[in-house]
Amino acid sequence: MTFSAEGGPGASVADPDSTASRAHVYRGHIFHVAGAPTVQQAHDHLVSLPAGALVTSTTGTIAWVGEFEALPAEFAALPVSRAGFIVPGFVDTHVHFPQTYTTDAYGGGQLLEWLETCIFPAEAELADAAFAAQVARDFTRARINAGTTSALVFGSAFAHAQDSLFEETRRAGLRVVSGRGIQTVGSPAAQALLTSEADALRLAEEEIARWHAVDTGDPTTALLQVALVPRFSLSVTPETLAGLGALYERVRDDGVYFHSHLNENNRPITGEIDAVKAVYGVDTYLDTYDGLFLPGSTRGGSSLLGRRSILAHAVHCTDAELARLAATGSSIAHCPTSQQFLGSGTMPWLRTIAAGVTVAIGTDVGAGDEWLVSRVLNDAYKTHLSEPGDDGVAIDPAALLFTGTLAGARALDMEARYGNFDLGKDADFLLIDPEEWPPLSRVLEHGIRSPAADSAGQADAPTPAEQTLFALLMGLREPAITGVYVQGRRVQAPAAD
């Protein structure tokens, strides 16, 4: 059973598709990171309500959150549903729609070999409109199963595939930011994905006009939004970057996003970073996105960086690059699962967050083979605990939850709308029933919990709440996610083919 509904005084379970049904009380153990902390401050902002209640309004916002026994009288007549746990919806800041079927694809090498052998041929198959529509349905279904209520999606090269993605997302009721993958140069394996310089800009403008904030007309409230998405600097030319910079200058104030890859593979000479530097003659990879893409890092156009700019990976950034990302308000989509799969190395956690850059999680499906954000957080914990020497860190459970929820909303410039359960925000949340995944249920029921820090006499000892949250995040699997809600409405998966 998905979750149980119980009647409060005068309560009845309303039609889930009606506006009135969004006024509801959800009971369960609530976890969220309240307020607007940095990742370093998340520990002090963790809210744990073991017998909590989350009240959603008729407009789909958070009306109240607290202990169920303290539920205000004004909400007593609302229908009540019970779940094991209630957490904010997951935010995935880097996932590839046209790679839905290419997880665990063996390419016989690292990033550039994998692209040639596996990805370019797989993405070319979306030229078939019927197949692209099938991929869009399966991609959307996978997002719902994984509880990903908001995602920054690297799109297909084909406009009809992007239309299918947006249509399925709108039909389901999810949030998405996406843009067609722009490639104007490439190897023979990439030829089917390439366009001319003029067509690259034309198609990007048409996608913005067709889909950006089409649902509300306001980028601060829209569920559907568009990004400019060159695959990476090796897939475009200085002419492309100049044109994208000029286009972004025109649409930046409309809330359009910029998304690409940065400093993923640092194999000497033949890897991505050295190839970018050689092709462009620049000092750093980031310069190519900062308008400094002419030889010697000379300015050739407008910068693509800013508060709605998210760069995936950033594994091998220099201190100067991190400082520039922070200064421009740009963010990093951290993808530890895919970095292991492609042998890309480890993004240095402590040095990166110390620079002041917002770091949010990304699954990077299909180099990442986990759709579930908490599984990627699991990999993040293990990866950064294993960094050598003083760089190793046990990321605390609140920081993990923050990275998979509120940090993603911040990176997407939507923190005012979702990411936690602060009053007035949109009610984007998950219901979790551990009984649907017995290994998780057993760990939560029988696992050892330390005494509270004060009674243990250790100021930094983990609390039982932190240990429970950690076990929940580490052990969660899709079957235990029994309810996915955006703006208080239950998200509906596309019908199976």
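The values are calculated or read from the model by the stated rules, or taken from the named source; none is laboratory data. Bear in mind the structure is a predicted one, so any value in this text is a computation, not a measurement. Reconstructed Cβ throughout: ideal geometry from the backbone, glycine too, with neighbour counts over all protein chains shown. Note: accessible area is taken over every heavy atom of the protein model, side chains too, but ligands, DNA and RNA are not part of it. Shrake-Rupley method; radii C 1.70, N 1.55, O 1.52, S 1.80 Å.
Considering only residues that are under 15 Å from Gly404 (Cβ atoms) and open to solvent by 10 Å² or more (accessible area, probe 1.4 Å), which ones fall in the range 460-470? Step through it out loud before you land on a result.
Applying the first criterion (under 15 Å from Gly404 (Cβ atoms)) to the range 460-470 yields 469-470.
Hit for the range 460-470 is Phe470, nothing else.
How do the pairs read when you match residues in the range 120-137 that are surrounded by fewer than 18 Cβ atoms within 10 Å (Cβ to Cβ) with residues anywhere that are of a type in the set (D, E, K, R) and at pLDDT below 95, using Cβ under 8 Å and keeping only pairs 6 or more apart or on different chains?
Here the result reads Gln134/Asp497, each pair linking the range 120-137 to a residue that is of a type in the set (D, E, K, R) and at pLDDT below 95.
Residue-wise test of (1) more than 19 Å from Gln162 (Cβ to Cβ); (2) buried (at least 22 other Cβ atoms within 10 Å of the Cβ).
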| site | (1), (2) |
| --- | --- |
| Ala213 | no, no |
| Thr237 | yes, no |
| Glu249 | yes, no |
| Ala275 | yes, no |
| Tyr285 | yes, yes |
| Thr288 | yes, yes |
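Identify all residues within the range 58-94 that are under 25 Å from Asp433 (Cβ atoms) and among the β-branched types (Val, Ile, Thr); write none if there are none.
Of everything in the range 58-94, those that are under 25 Å from Asp433 (Cβ atoms) and among the β-branched types (Val, Ile, Thr) turn out to be Thr61, Ile62, Val65, Val80, Ile86, Val87, Val91.
Restricted to the range 15-36, and to residues that are assigned to a loop (DSSP other than H, G, I, E, B), surrounded by fewer than 18 Cβ atoms within 10 Å (Cβ to Cβ) and not charged (D, E, K, R), which residue is modelled with the lowest pLDDT?
So in the range 15-36, the residues assigned to a loop (DSSP other than H, G, I, E, B) come out as 15-19, 23, 34-36.
From what is left, the residues that are surrounded by fewer than 18 Cβ atoms within 10 Å (Cβ to Cβ) are 15-19, 34-36.
Applying the additional criterion that residues be not charged (D, E, K, R) yields 16, 18-19, 34-36.
Details: Pro16: 42, Ser18: 45, Thr19: 48, Ala34: 98, Gly35: 98, Ala36: 98.
Looking at the filtered set, the residue picked out is Pro16.
Can you name the residue in the range 50-94 that is surrounded by 21 or more Cβ atoms within 10 Å (Cβ to Cβ) and of a type in the set (Phe, Trp, Tyr) and is also farthest from Val25 (Cα to Cα) among such residues?
The qualifying residue farthest from Val25 (Cα to Cα) is Phe90.
Any chance you could count how many residues in the range 137-159 are over 21 Å from Phe258 (Cβ atoms), part of a helix (DSSP H, G or I) and of a type in the set (Gly, Ala, Ser)?
1
Out of Ala360, Ala333, report the one residue that is modelled with pLDDT of 95 or more, among the aliphatic types (A, V, I, L, M), more than 21 Å from Ser235 (Cα to Cα) and open to solvent by less than 10 Å² (accessible area, probe 1.4 Å).
Working: Ala333 fails: more than 21 Å from Ser235 (Cα to Cα).
None of the others qualify; the one that does is Ala360.
Could you tell me which residue of the range 341-357 is nearest to the chain's Cα centre (by Cα), considering only residues that are among the hydroxyl-bearing types (Ser, Thr, Tyr) and open to solvent by less than 20 Å² (accessible area, probe 1.4 Å)? Outline the logic, then answer.
Applying the first criterion (among the hydroxyl-bearing types (Ser, Thr, Tyr)) to the range 341-357 yields 344, 346, 352.
Retained after the next criterion (residues that are open to solvent by less than 20 Å² (accessible area, probe 1.4 Å)): 344, 352.
Numbers: Ser344: 20, Thr352: 18 Å.
Only one residue fits best here, namely Thr352.
Given Ala398, Ala407, which one is under 27 Å from Tyr257 (Cβ atoms) and in contact (Cβ under 8 Å) with a residue 60 or more places away in the chain?
Only one candidate passes the filter, namely Ala407.
So which residues in the range 248-278 are assigned to a loop (DSSP other than H, G, I, E, B) and hydrophobic (A, V, I, L, M, F, W, C), if there are any at all? Please lay out each step first, then the result.
Quick first cut of the range 248-278, residues assigned to a loop (DSSP other than H, G, I, E, B) only: 255-256, 263-271.
Within the range 248-278, Val256, Ile269 meet the criteria.
Is one or more of the residues making up the range 160-183 farther than 24 Å from Gly408 by Cβ, among the charged types (D, E, K, R), open to solvent by 10 Å² or more (accessible area, probe 1.4 Å) and part of a strand (DSSP E or B)?
No, that holds for no residue.
In this structure, is Gly107 of a type in the set (Gly, Ala, Ser) and either within 21 Å of the chain's Cα centre (by Cα) or at positive phi (or both)?
Details: of a type in the set (Gly, Ala, Ser): yes; either within 21 Å of the chain's Cα centre (by Cα) or at positive phi (or both): no.
It is false that Gly107 is of a type in the set (Gly, Ala, Ser) and either within 21 Å of the chain's Cα centre (by Cα) or at positive phi (or both).
Name the pairs: first residue in the range 243-263 and closer than 23 Å to Leu115 by Cβ, second residue surrounded by fewer than 18 Cβ atoms within 10 Å (Cβ to Cβ) and not acidic (Asp, Glu), Cβ to Cβ under 8 Å, at least 6 apart or on different chains?
That search, which allows pairs on different chains as well, returns Phe258/Gly306.
Name every residue in the range 256-273 that is surrounded by fewer than 20 Cβ atoms within 10 Å (Cβ to Cβ) and on the phi > 0 side of the Ramachandran plot, in order of residue number.
The answer is Ile269, and nothing else.
If the requirement is being hydrophobic (A, V, I, L, M, F, W, C) and either under 24 Å from Ala465 (Cβ atoms) or open to solvent by 10 Å² or more (accessible area, probe 1.4 Å) (or both), which of these qualifies: Val153, Val47? Before you say what the answer is, go through the steps one by one.
Working: Val153 fails: either under 24 Å from Ala465 (Cβ atoms) or open to solvent by 10 Å² or more (accessible area, probe 1.4 Å) (or both).
From the options Val153, Val47, the qualifying one is Val47.
Would you confirm whether or not the range 367-374 contains a residue that is surrounded by 24 or more Cβ atoms within 10 Å (Cβ to Cβ), within 26 Å of Thr103 (Cα to Cα) and more than 14 Å from the chain's Cα centre (by Cα)?
Among the residues of the range 367-374, at least one is surrounded by 24 or more Cβ atoms within 10 Å (Cβ to Cβ), within 26 Å of Thr103 (Cα to Cα) and more than 14 Å from the chain's Cα centre (by Cα), which makes the answer yes.
Within the range 383-398, can one find any residue that is open to solvent by 50 Å² or more (accessible area, probe 1.4 Å), aliphatic (A, V, I, L, M), over 18 Å from the mean Cα position of the chain (by Cα) and over 28 Å from Arg489 (Cα atoms)? Reasoning before the result, please.
Keep residues of the range 383-398 that are open to solvent by 50 Å² or more (accessible area, probe 1.4 Å), which gives 385-386, 388-391, 394.
Subsequent filtering for residues that are aliphatic (A, V, I, L, M) retains 385, 394.
With over 18 Å from the mean Cα position of the chain (by Cα) added as a condition, the list becomes 385, 394.
Still in the running and over 28 Å from Arg489 (Cα atoms): 385, 394.
Yes, the conditions are met somewhere in the range 383-398.
Within the range 199-220, is there a residue that is in a helix (DSSP H, G or I) and polar (S, T, N, Q)?
Quick first cut of the range 199-220, residues in a helix (DSSP H, G or I) only: 199-211.
Then keep just the ones that are polar (S, T, N, Q); that gives none.
Within the range 199-220 (the criterion being in a helix (DSSP H, G or I) and polar (S, T, N, Q)), the answer is no, since none of the residues qualifies.
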